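The values are calculated or read from the model by the stated rules, or taken from the named source; none is laboratory data. What you see is a predicted model, and the numbers here were worked out from it, not measured in a lab. Note that each Cβ is placed from the backbone with ideal geometry, even for glycine, and that neighbours are counted across all protein chains shown. We work out accessible area using only protein heavy atoms, side chains counted, and drop any ligands, DNA or RNA first. Shrake-Rupley method; radii C 1.70, N 1.55, O 1.52, S 1.80 Å.
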Amino acid sequence: QVQLVESGGGLVQPGGPLRLSCAASGFTFSLYVMKWYRQAPGKERELVAGISSAGGNTNYADSVKGRFTISRDNAKNTVFLQMNSLKPEDTAVYYCNAQLPGRQAYWGQGTQVTVSS
């Protein structure tokens, strides 16, 4: 049974940090590209960051470059999103996603991040 379980969301003040985790099980994690998406109320889901299967390549949305860092630990089947200098516009539900060409993509249930004073 495939599972992606996000954790680490919550309420944080503007300018503060937050670290999201996504624990994977039920598939060969080290083969999959991992991504973080987010969806704010009334908006479409957008790609935030992605990391290659071995972790050597990363990419980011322009809106989070220099503030967010994606990483992974293949030994622990976990992907992380370190978020610094958070802004109110970063408020959204954050979703973990696993992708492998030719295979079904997997999604987590999401974790709420709220940036507010």
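With a probe of 1.4 Å, find how much accessible area the chain has per residue, and write the answer as a whole number in Å². Please list the in-between numbers first.
Numbers: 6130 Å² over 117 residues.
Result: 52 Å² per residue.
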Roughly how many percent of the accessible protein surface of the stretch 8-73 is carbon and sulfur, given a 1.4 Å probe and a whole-percent answer? 48 percent
Relative contact order (percent) for the stretch 75-117, with alpha-carbon contacts under 8 angstrom and 6 or more residues of separation? 40 percent
Segment Ser71-Gln99, extension gain: residue separation times 0.36 nm, minus the distance between their alpha carbons: 8.5 nm
Using only Cα positions of the stretch 28-96, each an equal point scatterer, no hydration layer, compute I(q)/I(0) via Debye at q = 0.14, 0.21, 0.27 Å⁻¹ and quote the log10 values to two decimals. -0.41, -0.86, -1.24
Extension length gain for Thr58 and Ala40 (0.36 nm per residue less Cα distance), in nm, is 4.2 nm
Listed residues Leu47, Gly9, Thr69: farthest to the positive end of the dipole of the chain (Cβ charges): Thr69
Of all DSSP beta bridges in the chain, what percent run antiparallel (nearest 5)? 90 percent
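Taking a quarter of the surface of the Cα convex hull of the chain, what do you get in nm²? Could the numbers behind the result be given before it?
Details: hull surface 27.9 nm².
The Cα convex hull of the chain, projected and averaged over all directions, gives 7.0 nm².
Among rounded, prolate and oblate, which fits the stretch 74-117 when a ≥ b ≥ c are the square roots of the eigenvalues of its C-alpha gyration tensor, a/c under 1.5 means rounded, and a/b larger than b/c means prolate? Don't skip to the end; give the middle numbers.
Values: a/c = 3.02, a/b = 1.99, b/c = 1.52.
Verdict is prolate for the stretch 74-117.
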